[in-house]
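One structure below.
The values are calculated or read from the model by the stated rules, or taken from the named source; none is laboratory data. Fair warning: this is a prediction, and the values are worked out from it, not measured in the lab. Note that each Cβ is placed from the backbone with ideal geometry, even for glycine, and that neighbours are counted across all protein chains shown.
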């Protein structure tokens with residue numbers, strides 16, 4: 001079971017709003033909207049995606065990593081390496 005199962009509906013709602021934001025961005029470009037206005041919306045969409053990523057990361061750490069750490073062994077090390085890689089990707093994005 002995934003760590004975000006309890007938050008699945010909220011995450012899907014957030015992603016649907018982000019999808020709407022992206023469609024709005026496409027309309028802005030189609031309508032030759034002023035560059036700064038488009039960039040402002042890109043920034044807003046990026047922050048919304050980052051919020052989803054952070055929520056998923058929090059769920060992963062509190063559920064998957066915590067459970068694996070409790071069991072110990074190679075699985076715990078694997079989950080920690082996965083979390084580290086995910087955090088690295090988020091920081092670089």
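Residue by residue, here is whether (1) surrounded by 10 or more Cβ atoms within 10 Å (Cβ to Cβ); (2) in contact with a helix residue (DSSP H, G or I) (Cβ under 6 Å, 6 or more places away or on another chain) holds:
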position: 24; (1), (2): yes, no
position: 31; (1), (2): no, no
position: 39; (1), (2): yes, no
position: 56; (1), (2): yes, no
position: 67; (1), (2): yes, no
position: 75; (1), (2): yes, yes
(request) For the stretch 39-46, indicate whether the set of residues that are touching a residue at least 12 places away in the same chain (Cβ under 8 Å) and closer than 22 Å to residue 83 by Cα is non-empty. (result) no
(message) Looking at 59, 7, 32, can you tell me which residue is touching a residue at least 40 places away in the same chain (Cβ under 8 Å) and more than 25 Å from residue 92 (Cα to Cα)?
(response) 7
(message) Residues to consider are 20, 24, 73; find the one that is without any contact (Cβ under 8 Å) to a residue 40 or more places away in the chain and on the phi > 0 side of the Ramachandran plot.
(response) 73
(request) Inspect the stretch 42-52 for any residue being over 24 Å from residue 8 (Cα atoms) and surrounded by fewer than 16 Cβ atoms within 10 Å (Cβ to Cβ) and give the result as yes or no. (result) yes
(message) Being modelled with pLDDT of 95 or more and not in a helix (DSSP H, G or I) narrows it down to one residue among 46, 33, 40, 2; which is it?
(response) 33
